Structure formats: structure tokens, C-alpha cells
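One structure below.
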Amino acid sequence: MSLRGSYGLAAADFSVAQDWGAYAAEEHALFRRLFERQAKLVPRYACAEWIEALARLDAGSGIPRFDRVSAKLRAATGWEIVAVPGLIPDDAFFTHLANRRFPVTVWLRQPEEFDYIVEPDVFHDFFGHVPLLFDPVYADHLHEYGKGGLKAMRLDAVKMLARLYWYTIEFGLMKTHDGIRAYGAGLISSGGELAYCVTDPAPKRLDFDLETALRTDYQIDRYQTTYFVIDSFAQLMRDTAPDFTPVYDRLRNLPVLAP
Ligand code: HBI
Ligand code: FE
């Protein structure tokens, strides 16, 4: 697929300089509009861990400087941001996660993509993914996911593992005593799906089950019809701790489940 970023400047690990000075005033204004739209929704629909983490980030004034956020992140959970031109190959992506570096795309969507964008841009990656890296349990899980990704490549099981990421890190829901709340980055950064995933009766909301998630296919260009719900990040960490090798071997011969 033809990707939007400028990959020519990237290093071997696909990292680039963020070049914060190059962002136009209009881009900072668009980022602020996206932030303000979501900031109205997250108190009602996002999980408490995300809301608490966002409070630690001053991301409402425009496109953030990755190096400043990395300094705070390092102190909190040992993570940092690595600037990338956009989607990067799986092995580069997993290697960064396995070293507690989260890839954040440097470019921002166009104004006409305010409501929907196919590829992750800096708003999706930063607003959707970075705040939860301040949560120690979530941060540990994502670190394990990165190491698991490198192993999945060796076992030819990346497609199965990507489904786990999709149904948790990107589109995961959590049970709270106030009801269902979102923690997935794709939900948190979405103008419409954030309320839909919590309130709409149409989609299925299944209790998280590792093997079902690894087997269930997903669509990337519409609201999800199936969500997986965890009790806590501790449960996610616990349920994904075992060696996946025997699970991959068993599931490889079973039919994929339609969402
Ligand atoms: N690259 N920058 C970036 N961000 C992602 O979320 C990402 C990626 N490359 C691969 C990838 N995700 C997924 O294919 C893996 O989770 C399987
Ligand atoms: Fe994402």
C-alpha cells in the first residue's frame, strides 16, 4: 500500500526526527480541535486510568513535543516515544515495543479527514496510545506484547497476534463500577465510535477470552460489531502471560471466526 509518510529520511529502525518547528500554525489548530472534540467525550466514555493519565499530559495546546513527553514517560514507566513516518514493518514495530519505545507518527491528518482517517496519524497515535503508557500494568503488558510479536514472527503467527492487539490495545473495553468504558486507542481517538462502543445496543460485547480474540477476524474501515471486555489491565496481563506457542499450534488448524 502506498503510505503517506516520508520514509526516505528514516533510520534503519524507521525512526525519524519529529521536526516540531516544521508544523504549521494550522496544524496545531487542527490538533487542538481534535483534542477538544475528544476531551468532551472522554470523561463520559473513557476508563479512569486513561483520564488520570491524560491529566499528566499537557496535550491540549497543540501537537506535543515528543522529547518532552518522553522525559515524563521514562520517569513513570520507562517508556518513550519514537517518532516514525507512519506504519512501519512488523519487526521494526515489535522491536520498538520490546524496548519500551512507542512509535508515534509525525504527520497530522488533513482538515477533511477530521472525522475519519485510515492510517494512524499523530493524533491517533499520541492521543489514543500515549496516555495509557503511564499506567504501569498496561505499560508492562505492551512491553510483553512487543516481545511476543517478535516471537510470533518466528512462529508465523503475527496475523493471530494482531487480532489480540486489535481487540485490546486498539478497540478494547473495560468493565468498571460505573459500567462499560473504553480504553482502546482506536476508540479513544474516534469522534463517533467512542460513544457508540459504550452505549449502542447493536455491537456484541464479549468477556475477554484470549483464544476467541486470537481467532476473531476484524474490519478496519467501519465501527466494530464485536468488542472484547476486560475486568482490568491486571486481567489482560494475567491472561496473556502464558507461552502462546501451544495456543498458536492449536488455533492454527481451527476456522477463523467472523466478527
Ligand atoms: N506501525 N507505526 C506503526 N503503528 C502500528 O500500530 C503498527 C505498525 N506496524 C505494524 C502494526 N502496527 C501491526 O501490524 C502489528 O500490531 C501486528
Ligand atoms: Fe493505533
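The values are calculated or read from the model by the stated rules, or taken from the named source; none is laboratory data. As the structure is a computational prediction, the values presented were derived from the model and not from experiment. Note that we place each Cβ from the backbone using ideal geometry, even for glycine, and neighbour counts take in every protein chain shown. For the accessible areas, the whole protein counts, side chains as well, though only heavy atoms, and no ligand, DNA or RNA atoms are used. Shrake-Rupley method; radii C 1.70, N 1.55, O 1.52, S 1.80 Å.
Binning at 5 Å from 0, report for the stretch 20-251 what percent of all alpha-carbon pair distances ends up in each bin.
The calculated distribution, bin by bin, is 1, 6, 15, 19, 21, 18, 12, 5, 2, 0, 0.
Mind checking the full-extension length gain between Y196 and N99? Use 0.36 nm per residue of separation minus the Cα-Cα distance, one decimal, nm.
That pair, Y196 and N99, stretches by 31.5 nm at full extension.
At a 10 angstrom cut-off on C-beta neighbours, averaged per residue, how do the peptides 198-209, 99-110, 43-54, 183-194 rank from highest to lowest?
Descending packing order for the listed peptides: 183-194, 99-110, 43-54, 198-209.
Roughly how many nanometres apart are two label points built 7 Å out from the Cα toward the Cβ at E26 and L254?
Distance between label points: 5.1 nm.
Pop the C-beta distance of A241 and S2 into the FRET formula with R0 = 45 Å and round what comes out to the nearest 0.05.
The value I calculate is 0.70.
Pop out the carbon and sulfur fraction of the accessible area of the stretch 216-259 as a percent, whole number, probe 1.4 Å.
Exposed carbon and sulfur together represent 58 percent of the surface.
Only four residue types carry charge here, +1 at the Cβ of Lys and Arg and -1 at the Cβ of Asp and Glu. Report the dipole size of the chain about the Cα centre in Debye, rounded to the nearest 20.
240 debye
Considering lysine pairs in the stretch 20-251 that are 8 or more places apart or on different chains, how many have Cα atoms under 24 Å apart?
Summing the qualifying lysine pairs gives 6.
What length, rounded to one decimal in nm, is gained on full extension from Y116 through to R37, with 0.36 nm per residue of separation minus their alpha-carbon distance?
27.1 nm
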